[in-house]
Amino acid sequence: RTEIRKLYEDPSRYTVSEQTVCGWVRTIRLSKTFGFIELNDGSCLQNLQIVFDDQLPNFMEVSKLNVGSSLVVKGNLVLTPQAKQPFEIKATSVTVEGTSTPEYPLQKKRHSFEFLRTIAHLRPRTNTFSAVFRVRSLLAYAIHKFFQENGFVYVHTPIITSSDCEGAGEMFRVTTLDLDNLPRNNDGAVDFSEDFFGKSTYLTVSGQLSVETYCMAFSKVYTFGPTFRAENSNTVRHAAEFWMVEPEIAFADLKDDMELAEAMLKYVINYVMENAPKEMEFFNNFIDNGLIERLTLVKDSQFEHVTYTDAIKILEKADQDFQYPVYWGCDLQTEHERYLTEKYFKKPVFVTDYPKDIKAFYMRLNDDGKTVAAMDLLVPGVGEIIGGSQREERYDYLERRIKELGMKMEDYWWYLELRKYGTVKHAGFGLGFERALMYITGMQNIRDVIPFPRTVNHAEF
Ligand code: 4AD
Ligand code: MG
């Protein structure tokens with residue numbers, strides 16, 4: 001059987017012999033003695049036009065088909081250069097694999113994304129989601145391709161962990177304890193030594209700490225997998241389950257880290273634009289006008305750099321009232337990020353050297369004693385898509401910070417040992433995979449770039 005994608009690549013190649021195509025009915029139009037079916041098999045965005053007539057032994061059956069039915073069609077490809085579609089298939093046989101009913105929710109009309117979220121099991125059959133999820137697949141491939149071509153080793157870091165990498169306390173507990181009958185210590189606290197792993201465990205918020213250990217052996221590594229955050233924020237950019245790409249490089253500082261981030265992002269944008277031109281055209285026309293022009297500019301120009309301290313000065317002088325107050329030491333909110341990247345710089349911008357108190361324990365303390373060698377990459381339309389840093393490679397500094405924050409030394413002994421045995425300056429970052437996908441497709445809501453999104457109060461499907 002031939003994929004519809006193949007037919008569109010070079011239709012004239014397929015005119016010489018009978019073709020077999022399989023797919024689902026997108027539309028069906030009828031006259032008395034003949035009809036047209038728009039068939040889609042998901043191999044590309046385009047539908048294939050099937051013409052059938054009453055020469056078919058099952059003409060009546062085919063005429064009565066509902067949208068959504070699945071078919072195997074045999075027939076001859078005819079070039080139709082004068083028509084809207086460049087070719088069609090004149091059916092010699094149509095086998096109905098599975099019928100559909102008139103209640104099939106995806107009738108030919110535009111549905112709202114809100115509605116389509118309620119039928120997440122069917123929405124990949126629409127044009128928008130067909131394009132989104134093909135690009136999602138391609139973007140994942142492009143990321144692997146970039147790192148593999150540059151000598152990085154892919155490390156599978158654990159999903160179940162006992163350490164809170166980001167220290168934000170936003171972890172989902174993993175337990176086999178019976179919630180109705182929890183084992184208790186003498187003081188009444190839950191006794192997690194009775195739990196499956198003999199201690200408290202959680203779903204990971206980041207693979208970073210584990211991947212750092214492999215970085216100290218392979219020099220250049222990355223992990224790319226699902227991460228989980230029990231953040232109680234119901235926004236268009238936060239999911240409880242999302243994928244993160246986390247490279248880590250040894251003998252490298254923050255500047256090297258930013259160069260890597262910029263090179264990676266440009267590479268994957270270019271890869272998707274070259275390998276999914278139809279999908280990108282679709283997003284440009286129907287989701288976000290100007291997308292292609294903007295991405296083209298991004299991949300051909302230098303990203304901006306600004307320190308946190310200078311960014312605060314810019315925000316303090318901004319000709320805009322913010323909901324959240326701006327002062328040195330505040331965490332940048334979405335509105336601040338958007339001002340910087342959309343109104344002020346009008347391109348992707350690295351914000352560097354944040355106050356240590358609003359960043360994670362592992363970031364390298366700068367000489368000023370107040371800031372850390374951190375970087376966030378902000379992009380127009382989405383805000384933060386990358387968070388990274390140079391890591392604290394000095395044993396005494398790291399130990400002091402862990403104690404300062406009241407973290408348990410015994411949970412991080414192995415992480416500290418890296419600073420004891422051949423420590424080296426190193427850096428890395430985390431790219432939010434869905435945020436990158438939103439940026440590249442122009443999709444506005446993270447729920448619409450994840451097949452089955454998990455957010456506060458939502459774990460359907
Ligand atoms: O800035 P974050 O928290 O950084 C880390 O986790 C580091 N350990 C990464 C590293 O240095 N290896 O998260 C990294 C990125 C963010 O910039 C954002 O794009 C994405 O992950 N992200 C989320 N994406 C969707 N939903 C959420 N709830 C997210 N939280 C973070
Ligand atoms: Mg961050």
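The values are calculated or read from the model by the stated rules, or taken from the named source; none is laboratory data. Not measured: the values here are computed from a predicted model. In this analysis, Cβ positions are derived from the backbone assuming ideal geometry, glycine residues included, and neighbour counts consider all displayed protein chains. These area figures cover heavy atoms from the full protein model, side chains too; ligands, DNA and RNA do not enter into them. Shrake-Rupley method; radii C 1.70, N 1.55, O 1.52, S 1.80 Å.
Restricted to region 391-412, and to residues there that are in contact (Cβ under 8 Å) with a residue 60 or more places away in the chain and open to solvent by less than 20 Å² (accessible area, probe 1.4 Å), the residue that is nearest to ligand 2 (Cβ to nearest atom) is ARG391.
The residues on offer are PHE113, PHE129, and the sole one that is in contact with a helix residue (DSSP H, G or I) (Cβ under 8 Å, 6 or more places away or on another chain), aromatic (Phe, Trp, Tyr) and surrounded by fewer than 19 Cβ atoms within 10 Å (Cβ to Cβ) is PHE113.
Just one of (1) assigned to a helix (DSSP H, G or I); (2) open to solvent by 20 Å² or more (accessible area, probe 1.4 Å); (3) out of contact with any Gly (no Cβ under 8 Å at 6 or more places or on another chain) fails for VAL96. It is (1). For the criterion of being of a type outside the set (D, E, K, R), within 41 Å of the chain's Cα centre (by Cα) and in a loop (DSSP other than H, G, I, E, B), GLN46 passes. Looking at region 24-57 only, could you name the residues that are touching a residue at least 40 places away in the same chain (Cβ under 8 Å) and either surrounded by fewer than 14 Cβ atoms within 10 Å (Cβ to Cβ) or on the phi > 0 side of the Ramachandran plot (or both)? Result: GLY42, single match.
Restricting attention to region 307-323, the residues that are touching a residue at least 12 places away in the same chain (Cβ under 8 Å), outside any helix (DSSP H, G or I) and open to solvent by 30 Å² or more (accessible area, probe 1.4 Å) add up to 4. The set of residues from region 227-247 being out of contact with any Phe, Trp or Tyr (no Cβ under 7 Å at 6 or more places or on another chain) and more than 7 Å from ligand 1 (Cβ to nearest atom) comprises ASN232, SER233, ASN234, THR235, VAL236.
How many residues does region 415-432 hold that are more than 8 Å from ligand 1 (Cβ to nearest atom) and among the hydrophobic types (A, V, I, L, M, F, W, C)? Here the count works out to 4.
Are there any pairs with C-beta distances below 6 angstrom linking a residue in region 148-176 that is without any contact (Cβ under 8 Å) to a residue 60 or more places away in the chain to a residue that is in a loop (DSSP other than H, G, I, E, B) and aromatic (Phe, Trp, Tyr), with the two at least 6 apart or on different chains, and if so which? From residues that are without any contact (Cβ under 8 Å) to a residue 60 or more places away in the chain, the pairs are THR176/PHE196. Can you tell me which residues in region 197-228 are in a loop (DSSP other than H, G, I, E, B) and open to solvent by 50 Å² or more (accessible area, probe 1.4 Å)? Matches in region 197-228: PHE197, LYS199.
Set side by side, the residues THR2, THR20 differ, and just one is open to solvent by less than 40 Å² (accessible area, probe 1.4 Å) and not in a strand (DSSP E or B), which is THR2. Pairs linking a residue in region 438-461 that is among the small types (Gly, Ala, Ser) to a residue that is open to solvent by less than 60 Å² (accessible area, probe 1.4 Å), with Cβ atoms under 7 Å and 6 or more positions apart or on different chains, are GLY442/PHE283; GLY442/ILE287; GLY442/ASP288; GLY442/LEU291. What do you reckon, is THR296 at pLDDT below 95 and either in contact with a Leu (Cβ under 9 Å, 6 or more places away or on another chain) or surrounded by fewer than 19 Cβ atoms within 10 Å (Cβ to Cβ) (or both)? Against the criterion (at pLDDT below 95 and either in contact with a Leu (Cβ under 9 Å, 6 or more places away or on another chain) or surrounded by fewer than 19 Cβ atoms within 10 Å (Cβ to Cβ) (or both)), THR296 does not qualify. Can you find a residue that is of a type in the set (Asp, Glu) and not in a helix (DSSP H, G or I) anywhere in region 289-298? No.
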